[in-house]
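Colleague: Pasting a structure below so you can have a look.
The values are calculated or read from the model by the stated rules, or taken from the named source; none is laboratory data. Given the structure is predicted, the values throughout are model-derived calculations rather than measurements. Every residue, glycine among them, receives a Cβ derived from its backbone with ideal geometry; neighbour counts consider all protein chains shown. The accessibility values were calculated without ligands, DNA or RNA, using every heavy atom of the protein model including side chains. Shrake-Rupley method; radii C 1.70, N 1.55, O 1.52, S 1.80 Å.
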Amino acid sequence: QVQLVESGGGLVQPGGSLRLSCATSGFMFSSYVMDWYRQAPGKQREFVASISSNGNPTYGGSVKGRFTISRDNAKNTVYLTMNSLKPEDTAVYYCRRPSGMYWGQGTQVTVSS
């Protein structure tokens, strides 16, 4: 069965960096688009970034220039490298395979001094 498992979240100071990972299994990872979304308390889930099967990225407006999505097809893993973090980036971050609408369980990112 399809499984998506996020990791790498935590507490970071404003201006800091984190790298999230989403390890996948149960499907041919290299053939699928993969996304990152986030949800802050009291807000709707928000698109963060997407990466095509051949590695082309797309970003949401609020993270463009600060976040980088990448993938390692040999490891069946998609990454989100987050730089210049702001308090408003605080949210639960979710990995998604849009085909079939598979979601991971999420990983908490808190940006605070």
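Colleague: Can you find a residue that is at pLDDT 95 or above, exposed (fewer than 12 other Cβ atoms within 10 Å of the Cβ), of a type outside the set (Val, Ile, Thr) and in a loop (DSSP other than H, G, I, E, B) anywhere in the range 86-107? Break it down into steps so the answer makes sense when it comes.
Modeller: Looking only at the range 86-107, we keep the residues that are at pLDDT 95 or above, and these are 86-97, 102-107.
From the residues that got through so far, the ones that are exposed (fewer than 12 other Cβ atoms within 10 Å of the Cβ) too are 87-88, 105.
Going one step further and asking which of them are of a type outside the set (Val, Ile, Thr), we end up with 87-88, 105.
Checking which are in a loop (DSSP other than H, G, I, E, B) leaves us with 105.
Yes: one or more hits.
Colleague: Hey, another quick one. Can you report the number of residues in the range 53-65 which are touching a strand residue (DSSP E or B) at 6+ places or on another chain (Cβ under 7 Å) and over 19 Å from PHE29 (Cα atoms)?
Modeller: 3
Colleague: For the range 58-66, state whether one or more residues are part of a strand (DSSP E or B) and open to solvent by 30 Å² or more (accessible area, probe 1.4 Å).
Modeller: We begin by selecting, within the range 58-66, every residue part of a strand (DSSP E or B); these are 58-59.
Of the ones still in play, those that are also open to solvent by 30 Å² or more (accessible area, probe 1.4 Å) are 58-59.
Within the range 58-66, one or more residues are part of a strand (DSSP E or B) and open to solvent by 30 Å² or more (accessible area, probe 1.4 Å).
Colleague: Quick one: how many residues across the range 42-62 are closer than 19 Å to GLY104 by Cβ and modelled with pLDDT under 95?
Modeller: Adding up the residues that qualify gives 1.
Colleague: How many residues does the range 1-40 hold that are in contact (Cβ under 8 Å) with a residue 60 or more places away in the chain, over 16 Å from ILE69 (Cβ atoms), outside any strand (DSSP E or B) and not small (Gly, Ala, Ser)?
Modeller: Matching residues across the range 1-40 total 4.
Colleague: Against the definition (closer than 18 Å to GLY8 by Cα, surrounded by 14 or more Cβ atoms within 10 Å (Cβ to Cβ) and free of Cβ contacts under 8 Å to residues at least 24 places away in the same chain), how does ARG71 come out, yes or no?
Modeller: Working: closer than 18 Å to GLY8 by Cα: yes; surrounded by 14 or more Cβ atoms within 10 Å (Cβ to Cβ): yes; free of Cβ contacts under 8 Å to residues at least 24 places away in the same chain: no.
The answer is no for ARG71.
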